1. If I filter the stretch 178-191 for residues that are more than 17 Å from the chain's Cα centre (by Cα), under 17 Å from Tyr141 (Cβ atoms), in a loop (DSSP other than H, G, I, E, B) and at pLDDT below 95, do I get at least one hit?
2. Of these, Glu24, Glu31, Glu37, which one is in contact (Cβ under 8 Å) with a residue 24 or more places away in the chain, farther than 22 Å from Arg174 by Cβ and among the acidic types (Asp, Glu)?
3. Taking the condition closer than 21 Å to Gln87 by Cβ and either touching an Asp or Glu at 6+ places or on another chain (Cβ under 8 Å) or among the small types (Gly, Ala, Ser) (or both), does Ile164 pass?
4. Have a look at Leu212, Leu237 and point out the one that is more than 27 Å from Val61 (Cα to Cα), modelled with pLDDT under 95 and either hydrophobic (A, V, I, L, M, F, W, C) or not assigned by TED's automatic domain parsing to the domain that holds Leu57 (or both).
5. Quick check on my filter: what residues within the stretch 187-231 are surrounded by 17 or more Cβ atoms within 10 Å (Cβ to Cβ), among the charged types (D, E, K, R) and in contact with a Lys or Arg (Cβ under 9 Å, 6 or more places away or on another chain)?
6. Residues that are surrounded by fewer than 12 Cβ atoms within 10 Å (Cβ to Cβ): which helices (runs of 4 or more DSSP H) entirely in the stretch 53-167 hold 3 or more of them?
Amino acid sequence: MKRPASYLILLFYAFTLLSCANVEKYNRFIETPLVVEAMQRDINYVEHNLWKMHPDLFQYVREDLLKAKFDSLRFAIRQPLLPNQFQLALASVLSEVRQGHMSLSPLIPKFDPQGKDKVRYQKSRGPFSQLGFHWQGNTLYLIKNGTMDSTLVLGSKILAIEGIQPQNLYTKYRPTFTSDGYNTTFIDRAFERLLPRYYQLELGYRDSIDILFSLSDSTYQRTVVRKFEATEQKRKLEVKSKNQNSIDIEVDYLY
């Protein structure tokens, strides 16, 4: 009668190993440069299928200009690039179509904690998910504070997160997405929604982020940390109270 349970344990263990292997393989691919020939084939494939399958492809761009963009990209690819470097280049060409429904997303590194850590992280909220942003006039503002830190003032300007200015990310990633036609009202809203992803691409997964704010004529810095379940925080306090000489060690996951 105990065999089915043992089979389930073995099945779960095998699934866990497979999941870990898939995550490792995926992350390894992101860090592996693509050969020039493979990227050239991808460019040709995308161009061919755009011309063949996309409706109203030349509604906002002339065919000869779009063709020239693809030719320029092919000519520029002369050395191996990481997948997300290639994505930046190809997405910039696709945005010339000026149809907001079409985009090419970067590959986000995956994080797959195991055991008790998996449950802890699944029930947690990362630093970025606790905040709300508004992008206007080339300036990033804080408009939501879901942390326990009441000293974060809504309306503050965000000068930098982990030393990276949001303006630099806008310059880097703005060419990779577009609105319909020449409408620009969508652009700012899209950027503020995509901003956590862009910081994640630059920083990896984080349990905490340091943010430099500006308010009136002064600046202030705060650290926003991952929010775990209250039961988890309570358990840590109980452990500390039982043994004042013990050291509470946090696993440093980039998540």
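1. Looking through the stretch 178-191, none of the residues is more than 17 Å from the chain's Cα centre (by Cα), under 17 Å from Tyr141 (Cβ atoms), in a loop (DSSP other than H, G, I, E, B) and at pLDDT below 95.
2. On the way: Glu24 fails: in contact (Cβ under 8 Å) with a residue 24 or more places away in the chain; Glu37 fails: in contact (Cβ under 8 Å) with a residue 24 or more places away in the chain.
Being in contact (Cβ under 8 Å) with a residue 24 or more places away in the chain, farther than 22 Å from Arg174 by Cβ and among the acidic types (Asp, Glu) holds for just one of Glu24, Glu31, Glu37, which is Glu31.
3. Working: closer than 21 Å to Gln87 by Cβ: yes; either touching an Asp or Glu at 6+ places or on another chain (Cβ under 8 Å) or among the small types (Gly, Ala, Ser) (or both): yes.
Answer is yes for this residue.
4. Working: Leu212 fails: modelled with pLDDT under 95.
Step by step, each of Leu212, Leu237 is checked, and only Leu237 is more than 27 Å from Val61 (Cα to Cα), modelled with pLDDT under 95 and either hydrophobic (A, V, I, L, M, F, W, C) or not assigned by TED's automatic domain parsing to the domain that holds Leu57 (or both).
5. Arg206, Asp207, Arg226, Lys227
6. Values: elements: 63-76, 83-94, 116-122.
Hits in the stretch 53-167: 63-76.
The values are calculated or read from the model by the stated rules, or taken from the named source; none is laboratory data. Keep in mind that what you see is a predicted model, and the values were worked out from it rather than measured. All Cβ positions, even for glycine, are placed from backbone atoms using ideal geometry, and neighbour counts span all protein chains on display.
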